[in-house]
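**Student:** I have a structure I would like to understand better, so I am pasting it below and will then ask my questions one at a time.
The values are calculated or read from the model by the stated rules, or taken from the named source; none is laboratory data. Keep in mind the model is a prediction, meaning the values are calculated, not measured. Ideal geometry is used to build each Cβ from the backbone, glycine not excepted, and the neighbour counts take in all protein chains shown. Quick note on the areas: whole protein, heavy atoms, side chains included, nothing else; ligands and nucleic acids left out. Shrake-Rupley method; radii C 1.70, N 1.55, O 1.52, S 1.80 Å.
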Amino acid sequence: MHQTPSIPWFRRLPLSAVIASAVAVALVAGLAGGWIAYLLTRPATTSVAAVAGACDSTAVAHQVLPGVVTVSVSNGEVGGVGSGVIVRKEGYIMTNNHVISAAADGGTIEVLFSDGRSSEVDLVGRDPKSDLAVLKVKSTEVLPTVELGKSGDVLVGQPVVALGAPLGLSSTVTSGIVSALGRNVPVPSDDDTTAILVGAIQTDASINPGNSGGALVDCAGKLIGINTAIATIPNEAQIASGSVGIGFAVPVDLAARITDQLIETGTVAYPFFGVSAVPLPPEAAAKLGVSAGLYLQAVAPGGPAAKAGLQPSDVVTLLDDRPATSIAVLTEVTLARKAGDTVQVTYVRDGKTATTKLTMGTLP
């Protein structure tokens, strides 16, 4: 008898191969990746009423599809298909790192445009932490782009349209709504590490393997997110299914910042706290009278934490009023900020609670 798991599987959208075997490849990718079940780490809230209605998907498709490409990767026996979004007329394409990672150290990457033309592309840079990458078309022609919107203006309930190449089917369009905001979703990354989709947009617009790197747009056709992950329910054989109406997109405000850095320098410089920390064991937390916290093993001399007055052996309990329950919380705050941003830090020292403002720095 089929048994429904109590929690979803969060996974990146695996690459689809040729259409004839796309479903099988998607299922195998789910097994090989060892996708792990995670709970959503933060509830979504909004103080504004949801937007009613639906987008004119025909008009959106006509406007946006010329700026959406199918990305094909080949490196020996390894290959797959994902999606990408042209964000600069010179041919710069935003996509997911996991779409092109197989060809990061060799192989070829090719894009197929909505009009049927194709072109090889160069890998400009990639950032496994945010699961984003930038490609550049090997041509000098001016290309159609997808206009950037503002994910900070997105509302729960507003209609959206997803565009990409699910299961290798180029120029596919689906529609839905924004189901939630502010999701922090852990997904597998390079070398068995974990990336975190910080502040991800949750949508019920149907997205499937191959949609990775594709566009999530509003009714004006403006890019608000890069489709990256889906929640799936494994069957009795523990094989993950396709879309169940829970998809996640990297918000464009973050994606645009990462993309600009990759284009300008080829790398991404994240802000840092200047600390080495470990989660406080439950028994130690109980002695301090706190439920959880991060114990500071070391504080970099002259770094942001030191300048904010933090010291080794301090226990950080809150970061911007968010419980500091694990290193993942520290990572999420770092990924969501840029150098110069301030974070309110609540900590315990010698049994006394204090608060300080920490200004994020950059690694030298």
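**Student:** Tally time: how many residues in the range 143-162 are more than 25 Å from Thr331 (Cα to Cα) and open to solvent by 50 Å² or more (accessible area, probe 1.4 Å)?
**Tutor:** 4
**Student:** Then there is this: Is there a residue in the range 199-209 that is open to solvent by less than 10 Å² (accessible area, probe 1.4 Å) and of a type outside the set (A, V, I, L, M, F, W, C)?
**Tutor:** yes
**Student:** Only one of (1) without any contact (Cβ under 8 Å) to a residue 60 or more places away in the chain; (2) more than 30 Å from Arg88 (Cα to Cα); (3) outside any strand (DSSP E or B) is not met by Leu296, so which one is it?
**Tutor:** (3)
**Student:** Does the range 347-360 hold any residues that are of a type in the set (Gly, Ala, Ser) and either open to solvent by less than 50 Å² (accessible area, probe 1.4 Å) or assigned to a strand (DSSP E or B) (or both), and which are they?
**Tutor:** Hit for the range 347-360 is Ala354, nothing else.
**Student:** Another question, if that's okay. Determine the pairs where a residue that is outside the structural domain of Pro128 (by the TED database), located within the range 250-264, has a partner that is open to solvent by 10 Å² or more (accessible area, probe 1.4 Å) with Cβ atoms under 8 Å apart, the partner being 6 or more residues away or on another chain.
**Tutor:** From the range 250-264, no pairs qualify.
**Student:** Based on this model, can you work out whether Gln344 counts as assigned to a strand (DSSP E or B) and under 27 Å from the mean Cα position of the chain (by Cα)?
**Tutor:** yes
**Student:** Name the single residue, out of those in the range 242-276 being touching a Gly at 6+ places or on another chain (Cβ under 9 Å) and assigned to a strand (DSSP E or B), that is farthest from Lys222 (Cα to Cα).
**Tutor:** Val275
**Student:** Please find, among Arg126, Arg117, the residue that is on the phi < 0 side of the Ramachandran plot, free of Cβ contacts under 8 Å to residues at least 12 places away in the same chain, charged (D, E, K, R) and open to solvent by 50 Å² or more (accessible area, probe 1.4 Å).
**Tutor:** Within the list Arg126, Arg117, the selection yields Arg117.
**Student:** Next question, about the same structure. Please specify each residue of the range 277-293 satisfying the condition of being open to solvent by less than 50 Å² (accessible area, probe 1.4 Å) and either assigned to a helix (DSSP H, G or I) or of a type in the set (D, E, K, R) (or both).
**Tutor:** Across the range 277-293, the qualifying residues are Ala284, Ala285.
**Student:** Among the residues of the range 163-198, write down those that are open to solvent by 50 Å² or more (accessible area, probe 1.4 Å), farther than 28 Å from Ala59 by Cα and not in a strand (DSSP E or B).
**Tutor:** Of everything in the range 163-198, those that are open to solvent by 50 Å² or more (accessible area, probe 1.4 Å), farther than 28 Å from Ala59 by Cα and not in a strand (DSSP E or B) turn out to be Asp191, Asp192, Thr193.
**Student:** Still on this structure: Can you confirm whether Ala339 is at negative phi, touching a residue at least 60 places away in the same chain (Cβ under 8 Å), under 22 Å from the mean Cα position of the chain (by Cα) and part of a loop (DSSP other than H, G, I, E, B)?
**Tutor:** Criteria met by Ala339.
**Student:** Working carefully through the options Gly309, Gly274, Gly351, Gly303, find the one that is on the phi > 0 side of the Ramachandran plot and free of Cβ contacts under 8 Å to residues at least 60 places away in the same chain.
**Tutor:** Criteria check complete, one pass: Gly309.
**Student:** Restricting attention to the range 131-142, which residues are open to solvent by 10 Å² or more (accessible area, probe 1.4 Å) and modelled with pLDDT under 95?
**Tutor:** Lys138, Ser139, Thr140, Glu141, Val142
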